[in-house]
1. If you check B:Ala264 against the conditions, is it within 16 Å of ligand 1 (Cβ to nearest atom) and among the hydrophobic types (A, V, I, L, M, F, W, C)?
2. Residue by residue through segment B:1-42, note down the ones that are within 16 Å of ligand 2 (Cβ to nearest atom) and not in a strand (DSSP E or B).
3. Inside segment B:235-249, can you point out the residues that are of a type in the set (A, V, I, L, M) and either in a strand (DSSP E or B) or within 14 Å of ligand 2 (Cβ to nearest atom) (or both)?
4. Since C:Val79 meets every condition but one in (1) buried (at least 22 other Cβ atoms within 10 Å of the Cβ); (2) under 17 Å from the mean Cα position of the chain (by Cα), which condition does it not meet?
5. Collect the residues in segment B:107-155 that are of a type in the set (Ser, Thr, Tyr) and in contact (Cβ under 8 Å) with a residue 24 or more places away in the chain, keeping them in residue-number order.
6. So in segment A:29-60, with the set limited to residues that are more than 10 Å from chain C (Cβ to nearest Cβ) and of a type in the set (Ser, Thr, Tyr), which one is surrounded by the most Cβ atoms within 10 Å (Cβ to Cβ)?
7. Would you call B:Ile40 within 18 Å of the chain's Cα centre (by Cα) and more than 12 Å from ligand 1 (Cβ to nearest atom)?
8. When the residues of segment B:177-220 are narrowed to those that are within 11 Å of chain A (Cβ to nearest Cβ) and within 16 Å of ligand 2 (Cβ to nearest atom), which ends up farthest from the chain's Cα centre (by Cα)?
Amino acid sequence: MWKRCEAMTRTNLTHALQEALRTALITAGLCFPLLVLRLEQDSSNQLTLQQRWSWLVFAVIGLSVARFVGLVLQDWRARAPRAEKPIAPTRPQLARAVSIFGLIALFAFPLVVLAFLGPSGSLKWINNYGVQILIYVMLGWGLNIVVGLAGLLDLGYVAFYAVGAYAYALLSTHFGLSFWLCLPLSGLLAATWGVLLGFPVLRLRGDYLAIVTLAFGEIIRLILINWTDVTNGSAGISSIPRITFFGLPFTAADNGFAATFALEFSPIHRTIFLFYLIACLALLTNFITLRLVRLPVGRAWEALREDEIACRALGLNTTRVKLTAFALGAMFAGFAGAFFAVRQNFVNPDSFTFLESATILAIVVLGGMGSQLGVALAAVVMVGGTEILRELDFLKLIFGVNFDPAQYRMLIFGMAMVAIMIWKPRGLISTRTPSLFLKERKNIAASHVGEGRG
Amino acid sequence: MMQVSNPLLSVAHLSMRFGGLVAVDDLSFDVGRGDITALIGPNGAGKTTVFNCLTGFYKPSQGRIALSHATSAARDIDVLTTSGQRHTRDVFLLERMADFEITRTARVARTFQNIRLFSGMTVLENLIVAQHLTLMRASGVGGLLGLLGAKSYRDAERAAIARAQHWLERINLVDRADDPAGDLPYGDQRRLEIARAMCTNPILLCLDEPAAGLNPRESAQLTQLLRSIRDEDGTSILLIEHDMSVVMDISDHIIVLDYGAKIADGTPQSIRSDPKVIAAYLGVADEEEVRAVSQEISTGLAP
Amino acid sequence: MDVFLQQLVNGLTLGSIYGLIAIGYTMVFGIIGMVNFAHGDVFMLSAMIALILYMALTMFLGLSSLPLIFILVLVGTMVITGLWNWTIERVAYRPLRGSFRLAPLISAIGMSIFLSNLVQIVQGPRNKAAPEFLSGLFHFGPAGADVTVSLKQILIMCVTLSLLGLFWFIVQKTALGRAQRACAQDQRMAALLGIDVDRTISLTFVIGAALAAVAGVLFMIYYGVVNFSDGFIPGVKAFTAAVLGGIGSLPGAVLGGLLIGLIETFWAAYFSSDYKDVAAFSILAITLIFMPSGLLGRPDVEKV
Ligand SMILES: Nc1ncnc2c1ncn2[C@@H]1O[C@H](COP(=O)(O)OP(=O)(O)OP(=O)(O)O)[C@@H](O)[C@H]1O
Ligand SMILES: [Mg+2]
């Protein structure tokens, strides 16, 4: 018995070695010119080549060892006795507990950070992590209505974010409108755009819809770049009025926020205010969405995702159902855009590239289509994760001072997108909670839930 | 053509072409009020295509499909046809209307040959989506009444659930109300699809092969259900079915299609003995085989 | 007339490049129904590899015969890019085959981000300006017009035409082509009939990449500048071309590529070059809205 086991191990080891060798060869082939020879402009601006054979060696050794270890581990795991774990849909109670915990953590976050790091140390954390992540949570929740609930693939979502941001930027700089007035206006404008764009494209199905929305996203960005009279082109719009505390500016002046409340002036006040503002906006979108999925509108979105033809046979005006989803998603993006503009007090077209749309979509899909909690978790993982990569300066100790970990952020981001999809193609939380029930609310396993075709 | 007095649905000169293929060829027939009418024919005869034209999924190449809710003279239909409008209060020209309008205002509901349930939604939710329009009205402008949880909305929702529950009882699925529809066995899915169509409160119910894939016991349940729909709910039924025992058992009127054209139209008795029908099903007009098949059909039917 | 003919030549040159990339999109979509988002970046990668190989051949090996260099660069780039795309399919798409519809799309977007950032890291973010590869102009003037055609443009059109011919032969006449068409119709059935589906799909990716590599080499020669971010816009335009021609249709992809190239150059010449990309994207949107099956594609019937 033991002998046989050993023999098996040996053949498996040979197999793993062969695979590792194959990986090494392929890696060498892939990396040969690209990694080994680096194109450099010399002092007279002539292109020359630098040789870096060490990179090739690292890549080949690294990947083949990884492959070997991976195979051995896989083999070892496959033979370890393992209890069959039934794949149960997540229980509603668990999701509830996580949500409540998340909510408490959300409101405590700036105060805790402030208490530990002091006003100057916590600025970065509240801004780059807190506010940044919450913007993506809000965008993710908005897109979740379109992609996750209604099953319509939108690759140009960032266009509505841009409309919101530019709406606030232009309205506030040209007409001096206040943020609180601009916020609903930005949302309405973005929703109007959603309806205008949605009307012709929503009868397209499947990937075509995705591509047209991508095209519209790019068109809007190109117009922002080229319509210089209004948008000031690539230079963007600067000195957008900053947020005030219901009229009190966050300045050191006597009529400022700090002076009025007898606090010592600190820029952190504004950041914390922005944090709570975006938190409330995000929670508002969440609340509205959660209510809507229990109403006929929301059920119609999900029915549309399940089967559009059946919807039509039941008397649902599918164009209108799609438009409501599109417009509402756009409106939330518009709110987020206005918030983005007031936070940066500067907007330019660079913030609204396809990469943004792709990131938001990735958050929705990684979170699990339709799950609000999943989307929030995915935003924390993806955005927080890439931000964390900026903090890995200690790696310089290992790889030398010229090593800049931040450079690898997007590389790792891209790899993570692939890896997470392979690991969980249906996202983190893929079960669906029914909108109403007769006796007992039972979550529905992902395998039944439709993926939409539009 | 069987004379139907005061027809609910009257199809005239309907044709549907896909490129060079003529799927439905100058078809005319009537569906009687309160009848179960069967549309039969060999595979590819164009039955589903007729349904798709009726329910607005295809725009017919030619022809008129008129539905009259109340008793109306043929003249009303002609007046509407020339007026260029799509419908009056009682008379509907289905070929001019969009699919969802046909369900909503003309009150024609349908099921599909390959079941189309919302499989990731619960059984109950499937029946509630079918009552979308009523609930939408109750939830007010912009869904505000619903968002705020107004009493009128909650009442409407309760009524919708009650209606769903009534249908669940009729198809024996109350116990599975909170399970995903995709989890149900095939026969239950078929019945659920019929119940869902009934929740739209139709005047005409079009069923595309409801007995396909059912075992004899389930077929018997189905016939009972269809009879009760006709008798208790007063909904007329137009039925596509290959299972001759079901067809002959429950139909009041049968229309036979072959290659898109009508080859017979009459009562079950007259269809049963029609040599053209038997030949069409067989594909040949071989006397011997015709006799054999007709034998088979009638013995299969003798209860 | 001068301007018109001149733009015609320029547009056809650009269109050849788009057409070559578009074939990769159309083939992959035809066989596994997936929009391979990383294809534009594979094209960019190939242009970068072509430039490196060109520099290596001239600097390290001291070759000076232009035809020899061209052939070596072309073949080398096609092989290496093919290997890249093979690996990408194997790692990022194959595990997701038959899974949730959006998963391969997200994976492809991830791959696209990965590739452009990889090139940015290993080759640096700056533009790489290649030394002039081929100079020389021809003038020709039908009816008194003066139109300039560069040697490069002639090279591009000749290479495109001959490779398209070769490729057409492969897809129409060989067992591989038959296997591809069978897989496009029905993968399960094809597998039951003994076709190695995995291998066919892999080869499709390799061929798509090889054609993108041809486009990359020609792009490098024509523009003389390569940057890590050059994948996205040509990628989207080539996809537009594939859709315009009717996705799934190979002649459609080439036709669409030529049309997009022409539209873009004419738009830039007669209207404004600022909005030339807007024109290309608008055409994409308009085609899809009014003619979803493209110029040469089969109509996509919705059976109920
Ligand atoms: N959308 C379409 N495009 C092209 N041809 C179609 C389309 N829909 C149906 N057809 C063709 O029309 C003919 C009739 O098809 P239909 O589905 O109506 O037959 P059927 O009587 O329902 O057959 P079955 O008993 O097999 O369901 C067939 O030849 C079919 O291929
Ligand atoms: Mg049919």
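The values are calculated or read from the model by the stated rules, or taken from the named source; none is laboratory data. It should be emphasised that the depicted structure is a prediction, and the values quoted were computed from it without experimental measurement. Neighbour counts are summed over all protein chains in view; Cβ atoms, including those assigned to glycine, are modelled from backbone coordinates with ideal geometry.
1. Judged against the criteria, B:Ala264 is a match.
2. B:Gly41, B:Pro42
3. B:Ile237, B:Leu238, B:Leu239, B:Ile240
4. That leaves (1) as the condition not met.
5. Within segment B:107-155, B:Thr111, B:Ser119, B:Thr122, B:Thr134 qualify.
6. Among residues in segment A:29-60 that are more than 10 Å from chain C (Cβ to nearest Cβ) and of a type in the set (Ser, Thr, Tyr), the one surrounded by the most Cβ atoms within 10 Å (Cβ to Cβ) is A:Ser54.
7. Answer is no for this residue.
8. Only one residue fits best here, namely B:Glu193.
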